[in-house]
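The values are calculated or read from the model by the stated rules, or taken from the named source; none is laboratory data. On a predicted model such as this, the values are computed, not experimentally measured, just so you know. Every residue, glycine among them, receives a Cβ derived from its backbone with ideal geometry; neighbour counts consider all protein chains shown.
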Amino acid sequence: MSAEPEAIRAFEHAGWQRAAAVYTDSFAHATAPFIKPLLEVAEFSPGQHVLDVACGPGHLAAAAAARGAAAHGLDFSAAMVGVARKTHPEIVVIEGDAEDLPYPDSMFHAAVSSFGMNHVPRPQVALAECRRVLKPGGRVAFTVWATPDVNIAWSLVFDAVARHGNRSATDAPPPGALGRPEQCLRALEATDFTDCSAEVVRAEWRLPSANEFVAALSAGTARTAALIAAQEPSALPAIINDIAGQAEGFRRNDHLAIPIAAVLAHGRKSTE
């Protein structure tokens, strides 16, 4: 394996080990609105086996179990696995690599991932592994964050950093190219999935204040947290004030309702 995937894996692993303890009370509120549409396109039935790849604290797998699935979760962060096992004892969670799934061929009826594919070093390798462990006709479905030009929550941060800080300050490896529907489609088709589809889906992230918004990103993410942490301390007040000023446009009485957007992509393993 080349140094670049290893560098990405090391960075992401450190970030999610750190975020595990506080993720549920911070950034999980941003991902929660996308769980229902993700499970709907996965098209599994009660009693069928569903794998949640890069499961984090297990919220998606638990939602699948609530729909009657025999839910399994896998994550490379031991800290996240610990949280998932403690919080959701109804799912089977193991520590493992999304690019080398420790399951036999054709075990699952569906493989899903909630904002995980954008964190693996090589998404196409992970998708190929999903295809391997799926039964013929099984579906893969995943969400990734849309690019900032359509994802206002992210543009609030990146624009404020660009105006008052340094977008290049972080040493985080560059993110994978999965922020647009056409990129997700290419990844699915390159791994021999059929009946592929990808679209931008939108929701709102409700928060009491801009300070809570920045705190959730700092506590519960890897790349964005690294970007914020890399800014000069003297620049942070101006960055936060900028975010707060822009976010006020989305205030509803006692809370902010910041628009967020994801790409929802899915495909099917052929029956041939």
request  = Could you please find all residues in the stretch 59-79 being over 22 Å from D25 (Cβ atoms), surrounded by fewer than 22 Cβ atoms within 10 Å (Cβ to Cβ) and small (G, A, S)?
outcome  = G68, A70
ask   = Out of the stretch 1-58, which residues are among the small types (G, A, S), crowded, with 19+ Cβ neighbours inside 10 Å and over 20 Å from A146 (Cα atoms)?
value = G15, A19, A20, G58
request  = Enumerate the pairs (first residue in the stretch 17-33 and in contact (Cβ under 8 Å) with a residue 40 or more places away in the chain; second residue anywhere and among the polar types (S, T, N, Q) and buried (at least 17 other Cβ atoms within 10 Å of the Cβ)) with beta-carbon separation below 7 Å, excluding pairs fewer than 6 apart on the same chain, so at least 6 apart or on different chains.
outcome  = Q17/S77; A19/T221; A20/S77; F27/T221; T31/S114
request  = Would you mind stating whether T170 is of a type in the set (V, I, T), crowded, with 18+ Cβ neighbours inside 10 Å and over 20 Å from A262 (Cβ atoms)?
outcome  = yes
task = Go through the stretch 100-121 and give me each residue that's outside any strand (DSSP E or B) and at pLDDT 95 or above.
result = L101, P102, Y103, P104, D105, S106, M107
task = Out of L178, L217, report the one residue that is surrounded by 15 or more Cβ atoms within 10 Å (Cβ to Cβ) and touching a Cys at 6+ places or on another chain (Cβ under 9 Å).
result = L178
ask   = Can you name the helices (runs of 4 or more DSSP H) wholly within the stretch 189-266 that have at least 1 residues being aromatic (F, W, Y)?
value = 210-220
query = Within the set of pairs 6 or more residues apart or between chains, which connect a residue that is over 20 Å from A14 (Cα atoms) inside the stretch 115-137 to a residue that is part of a loop (DSSP other than H, G, I, E, B) and among the β-branched types (V, I, T) with Cβ atoms less than 6 Å apart?
reply = Q124/T191; L127/T191; A128/T191; R131/T191; P136/T271; G137/T271
message = If I ask for residues that are in a helix (DSSP H, G or I) and either among the polar types (S, T, N, Q) or closer than 15 Å to S155 by Cβ (or both), which ones from the stretch 177-188 would you list?
response = Q183
query = Conditions: (1) within 15 Å of A20 (Cα to Cα); (2) of a type in the set (V, I, T); (3) crowded, with 20+ Cβ neighbours inside 10 Å. T87 meets all but one. Number of the miss?
reply = (3)
